[in-house]
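The values are calculated or read from the model by the stated rules, or taken from the named source; none is laboratory data. The shown structure was predicted, so the numbers you read here are calculated from the model rather than taken from an experiment. Cβ sites come from the backbone with ideal geometry, for glycine too, and all protein chains shown count toward neighbours.
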Amino acid sequence: MRTLFTALALALSVPALAGTIDLTTADGVQIGATTYGSGDNGVVLIHGNGRDAEDWSHFGERLATRGFHVVAVDLRGHGHSAAAAELTAATYPLMVADVDAATAWLRANGAAKVHLVGAEFGANLAVISAAADTEINDIALLSAGMNLQGVASPTAMETYGARPALVIASAGDSYSARSATVLEGKAAGPVYVEILDGEAKGVRMLTRDPQLEGKLIAWLNGTYDLDGRRGGRTVTTEAGEDVETSGVRFGDQ
């Protein structure tokens, strides 16, 4: 009896981790998404080009156990939204509306705060969506690019204003590392750049660096350690290029 009671208590104490929902964007496109957890602290997870919301399944569950209400969106033409649109060059900029729809759903379901986390092309969408939505609390960008699929990020970072941004790239991913410094220079508010060793991109960095998941969770819950930041130094990428950054490189702390 005691064992049964303990099992029931544990089941009741653990939030339902995952579910699926359908969203309608402002331009009338039906897209799918996966939700994790509940509560008033919302996170939108945005995958890269050619990927889908499943990329975030482990991280979404981890966030749910820490009290976040998460929506991992399937961008139009991807995942469960594959029938929503034929992918053309003109389609990619429209995907910002997919991110906006996920944000709107979280707010309609009790989220008082919304954070955006994007990987690769999804990172570009994140900064553009946040630039237009001044109520987004902060953004975390994994392997953002200056221009991916015709969607540019630097001007959006300027418009984003004084809100905080976390920008993460791998030293071996030279384009993202260079893009990180450009975004840092465009930011009007506090921007924190992390350059990881290796060459993993986007969500794959979560499996390559054991510290990254904890860093992102700390960023989202407001306990990210800013004390170790170093001013004005050069990081050399694995391609032999020098990248100026004021952030902290993993392993240097």
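Points worth noting:
- If you go through segment 132-164 and keep only what is crowded, with 24+ Cβ neighbours inside 10 Å and part of a strand (DSSP E or B), you end up with Ile139, Ala140, Leu141, Leu142.
- Annotation for segment 180-202: no member residue is among the acidic types (Asp, Glu), at pLDDT 95 or above, at positive phi and in contact with a strand residue (DSSP E or B) (Cβ under 8 Å, 6 or more places away or on another chain).
- Of the criteria (1) closer than 23 Å to Gly50 by Cα; (2) touching a residue at least 60 places away in the same chain (Cβ under 8 Å); (3) assigned to a helix (DSSP H, G or I); (4) over 13 Å from the mean Cα position of the chain (by Cα), which one Glu213 fails: (4)
- Test for Ala187: is it more than 20 Å from His78 (Cα to Cα) and either surrounded by fewer than 18 Cβ atoms within 10 Å (Cβ to Cβ) or among the small types (Gly, Ala, Ser) (or both): yes
- If the condition is being part of a strand (DSSP E or B) and either touching a residue at least 60 places away in the same chain (Cβ under 8 Å) or not hydrophobic (A, V, I, L, M, F, W, C) (or both), then segment 165-180 contributes Val167, Ser170.
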